[in-house]
Amino acid sequence: MGNGTEVRSVYIILLIINNLNDINMVQGVLVENGVIQNINPATGELIEPTVSVTTPEELEKIISAANASQQSWSDKSLSERVEAIRQGLIAVEPIADELASLITKEMGKISAEAKLEVSNAIGLKDGWLDMVKEANEDVHLGGGEEGKAESIVVRDPLGVVVVISPWNFPAGEIPFLALPALVSGNTVIVKPSEVTPLSGELFCRTLASCLPDGVLQVVQGDGKTGEQLISSDDIHMVAMTGSTATGKRIMNVCSKKLKRLVLELGGKDPMVVFKDADLDKAANDAVANSLFNCGQVCCAVERVYVDGSIQNEFEQKVLDVAKKWKVGNPTDADTTIGPLASEVQRDNVSKQVEAAIKDGAKVLYQSECPDDKQGNFYPVTVLSSLKQDMAIQNLETFGPVVALSTFDGTEEAAIELANSTEFGLASYVYTSDLTKGSRVARQIRSGQVGINCYSLVAAQPACPWIGHKQSGFGSHSGMDGFRSFSVPKSIVFTTNAPK
């Protein structure tokens, strides 16, 4: 089945007959006879080598190995663990191009973005990893004077942590969850997304080559495998980046044993543009941060609210920028947007756009798109005159759509609209009045608010990454997030603690 047309035809047939016992479909990815059907979203062709699903028997052995190695790993000093992880990230450097190419092949990310993702992951070996170490160091309270009571707050690992990673950043997201867990003295089992199984495995196995056996392992499979994994009594924490629906299912499973959780979930992130904003910058950022990674980013700009008095001017600026973006083969140097990661994702975007148009939205622009029925390409789309009750204003779109609507220019209206969905991951406020921007930001219920910037890129490395409302549970990154993978313990003395 090397031909893309044949693969797509078989895929459609299997969708129709997916009630057969030997076929399981999760999130549009076909698992047939224990093998993930890993399809290139740009060509529709199967990717080699094939990826076998981890069997229940293999899963038990992996969980057992993780538990067996956990104590010896946590017995190592904090500095020893950090240095081993640092060497693991350094080991990724020689395979950086291979990994980036694999990411492009599996999920359609353009080559430049894939290379940046891998470079950023490797770059965590420097200051970021040192911050994780600092967050896990002992804290001394009291003491100092001769005989004065002193307490020491130490941090205990939880045991075995499962990391369920997303497909949109198959190398970039794993370290944000796995590395703090490892630094804390836990062993880790990573289940890469079934959409990008080879990318996730290559990154993890390279990193694991510098760690003791059993400390970092990989399992492959879909949601069924993931549920078997997190249901085990010998798993002590689950950290996941993914959809809100999946997060709720994980929470339900883990509640039975009160397992610790860190869940980074979906978003419907608003951008508010006041009339005093730098409109050229705002228009550029609205487009770039709606379209980056083909819009498949949890904190992508998905709703743009512009002061109605500048609507026409702003829309024209947005169009001028949007027309510079090119949809095409993700390996071509002049392509700025590749395909969506799956046919299911493309169809979801298409349905939201079509429904919005049917309900009165205006199409200001749709780009040219490759005439290739094998790829999951979707045109750059700019919509205006969107109403708040439309699905595209309330449900995560995750596609190359710039969604424009207006507000009356007041702070109160901006805050109300920004807070109008069940999500609260990130938000963006554009104004030349930083005092006003700060005032509005404090009233928006989201984990990050960028003032005239994209918070994902501009935030200080020590900032936590957290979702409000249904965009998350717990946090990762930042000193608080780094400590989410361990529990504090107070060792109390009535005198000075021993040195």
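The values are calculated or read from the model by the stated rules, or taken from the named source; none is laboratory data. Since this is a predicted model, take the numbers as computed values, not measurements. Quick reminder, even Gly has a Cβ in these numbers, built from the backbone with ideal geometry, and neighbours come from all protein chains shown. Calculation scope for accessible area: heavy atoms of the full protein, side chains included, ligands and nucleic acids excluded. Shrake-Rupley method; radii C 1.70, N 1.55, O 1.52, S 1.80 Å.
What number of residues within region 147-170 satisfy the criterion of being more than 14 Å from Pro498 (Cα to Cα), outside any loop (DSSP other than H, G, I, E, B) and not aliphatic (A, V, I, L, M)? Adding up the residues that qualify gives 3. State yes or no: is Val31 in a strand (DSSP E or B) and closer than 22 Å to Gln220 by Cβ? Yes.
Taking region 183-217 as the range and being touching a Lys or Arg at 6+ places or on another chain (Cβ under 9 Å), part of a loop (DSSP other than H, G, I, E, B) and open to solvent by 20 Å² or more (accessible area, probe 1.4 Å) as the test, the residues that pass are Cys210, Pro212.
A quick yes/no check of all residues on (1) within 30 Å of Glu134 (Cβ to Cβ); (2) open to solvent by 70 Å² or more (accessible area, probe 1.4 Å); (3) within 20 Å of the chain's Cα centre (by Cα):
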site: Ser77; (1), (2), (3): yes, no, no
site: Leu89; (1), (2), (3): yes, no, yes
site: Ala100; (1), (2), (3): no, no, yes
site: Ser111; (1), (2), (3): no, no, yes
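Every residue in region 139-150 that is among the acidic types (Asp, Glu) and open to solvent by less than 90 Å² (accessible area, probe 1.4 Å), please. Matches in region 139-150: Glu150 only. Note on region 41-146: enclosed helices (runs of 4 or more DSSP H) holding 2 or more residues that are out of contact with any Ser or Thr (no Cβ under 7 Å at 6 or more places or on another chain) and more than 24 Å from Gln217 (Cα to Cα) are 111-123, 127-135.
In this structure, does Thr397 turn out to be at pLDDT 95 or above and closer than 16 Å to Val287 by Cβ? Considered against the rule, which asks whether it is at pLDDT 95 or above and closer than 16 Å to Val287 by Cβ, Thr397 comes out as yes. Evaluating Ile164 against the criteria (1) within 30 Å of Pro56 (Cβ to Cβ); (2) open to solvent by 10 Å² or more (accessible area, probe 1.4 Å); (3) touching a Leu at 6+ places or on another chain (Cβ under 8 Å) leaves one unmet condition, (3). When residues in region 406-426 are screened for being within 28 Å of the chain's Cα centre (by Cα) and under 18 Å from Asp276 (Cα atoms), 2 of them pass.
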